[in-house]
Amino acid sequence: VQLQASGGGLVQAGGSLRLSCAASGSIFSINAMRWSRQAPGKQRELVASITRGGNINYAGSVKGRFTISRDNAKNTVYLQMLSLKPEDTAVYYCNIETVAGIGYWGQGTLVTVSS
């Protein structure tokens, strides 16, 4: 199983980016899909999650600015990020959890927000 994340880059504060993460390989069924991030010198934190049934949760710091969505037919999860702030600068990682409880992580994509 491979997760390929894309969409990161350099953006000015107030700008937007859309991250994508496509899962491929022998995946029977995906339950949860998540985005986490890790800023320099900080621990990795969960940003947003979405279950197969559509339950969504966000970290308080991104609520109202980020939107997570998924395309089950494509095994892809997205993260639309609006009104970006310098403190959103981090490496963003996607991960999935199958219905069997097995987790997989992507390689990460760097988001840099300049002030």
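The values are calculated or read from the model by the stated rules, or taken from the named source; none is laboratory data. Treat the numbers as computed from the prediction; the structure is a model and nothing was measured. Surface accessibility is based on the protein's heavy atoms, side chains included, excluding ligands, DNA and RNA. Shrake-Rupley method; radii C 1.70, N 1.55, O 1.52, S 1.80 Å.
Taking every alpha-carbon pair within the chain, the share separated by more than 25 Å comes to 17 percent. Near Val47, the amide H atoms lying under 5 Å from its own belong to Trp35, Ser36, Arg37; only residues 5 or more places off or on other chains count, and H is placed 1.01 Å from N. Using the Karplus relation 6.51 cos²θ - 1.76 cosθ + 1.60 with θ = phi - 60°, the per-residue 3J(HN,Hα) values for region 102-115 come to 8, x, 9, 10, x, 7, x, 9, 7, 10, 10, 10, 8, 8 Hz, with x marking Gly and Pro.
Per the 1.4 Å probe, what fraction of the accessible area of the chain, in percent, lies on carbon and sulfur atoms? Kindly include the intermediate steps, with their values, before the conclusion.
Details: 2880 of 6030 Å².
Ligands and nucleic acids excluded, carbon and sulfur give 48 percent.
With contacts taken as Cα pairs under 8 Å and at least 6 residues apart, region 11-115 reaches a relative contact order of 36 percent.
Given a 1.4 Å probe, how much area per residue of the chain is accessible, in Å²? Don't jump to the answer; show the numbers that get you there.
Working: 6030 Å² over 115 residues.
Heavy-atom SASA per residue in the chain reads 52 Å².
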